[in-house]
Amino acid sequence: MKFGIKFRLVALALVAALMGALIVLATLNSQQQVAELRAGLSQVDSESFRIADQFRDFLRELNNTMLRYGMDHNESLWREFLDASHELDVWIDKQKPKVRTQREKDFLQQIDAAYDDYLRLARELQARIASQPNASLADFAPLRAESQHLFDLVQELAKAHYESRNLLLSHANRTLSQFRWLALGSLGLLFVFGVALAGVVYRDMIAPLRIQLVESQA
């Protein structure tokens, strides 16, 4: 076999092997990216939903405790409110590093600031109740308004979560689309090089042998 034929065969075989290796690497890389995207999406779902739901539960409990204090004037209820409110304040600070997007961080910062106003109004209401045992429901109006403002901010935080989730889904779809095109292109090139390799083998090896066989029979 001539050196030129050997060189072409080896070159085509190497190219085909390289294309196969690229397909394998692209598949492994896409699987890793998909796993990372799924993990990120799962984290967004668990963290953002959990933050919003837990904050609502905390705030409802604080409102109920404050209302019971206004009705019973029991100092133990006020101490319970102070303990629970401090726990929620610490909890808010712990959630800040867990949100992913800047919009979520902004809303969480607004929630933190509004919660400080809520606590200030609660202390003012407690002082009014302590000095005026016959406090009316109208005295609770500022606290209820600030509580509703906090609920609205938590709702906006949940909406920001959905936007973050949609961004991750969009990125995942683009990644999968790129992988599909890469895989199809690599398979197409692998097919072309396989056909070329078969053509070279037939032209430079099989065809001459057939000619020699025909001449030998003749």
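The values are calculated or read from the model by the stated rules, or taken from the named source; none is laboratory data. Just so you know, these numbers come straight off a predicted model, no measurement behind them. In this analysis, Cβ positions are derived from the backbone assuming ideal geometry, glycine residues included, and neighbour counts consider all displayed protein chains. Accessible surface is based on the protein model in full, side chains and every heavy atom, while ligands, DNA and RNA are left aside. Shrake-Rupley method; radii C 1.70, N 1.55, O 1.52, S 1.80 Å.
Consider the stretch 79-102 and keep the residues that are open to solvent by less than 100 Å² (accessible area, probe 1.4 Å) and among the polar types (S, T, N, Q). The one that is modelled with the lowest pLDDT is Thr101. Residue under question is Leu119, and the condition is that it be among the aliphatic types (A, V, I, L, M) and without any contact (Cβ under 8 Å) to a residue 40 or more places away in the chain; does it hold? Yes.
Does the stretch 113-135 contain any residue that is basic (Lys, Arg), modelled with pLDDT under 90 and within 22 Å of Phe55 (Cα to Cα)? Quick ask: steps written out before the conclusion?
Quick first cut of the stretch 113-135, residues basic (Lys, Arg) only: 120, 123, 128.
Subsequent filtering for residues that are modelled with pLDDT under 90 retains 128.
Checking which are within 22 Å of Phe55 (Cα to Cα) leaves us with none.
Taking every residue of the stretch 113-135 in turn, none turns out to be basic (Lys, Arg), modelled with pLDDT under 90 and within 22 Å of Phe55 (Cα to Cα).
Cβ separations smaller than 8 Å between residues 6+ apart or across chains give the following pairs from the stretch 83-100 residues that are of a type in the set (Ser, Thr, Tyr) to residues that are open to solvent by less than 30 Å² (accessible area, probe 1.4 Å): Ser85/Leu62; Ser85/Leu119; Ser85/Ala122. Among the residues of the stretch 60-82, those that are more than 20 Å from Phe107 (Cβ to Cβ) and in contact (Cβ under 8 Å) with a residue 24 or more places away in the chain comprise Asn63, Met66, Leu67, Tyr69, Gly70, His73, Trp78, Phe81.
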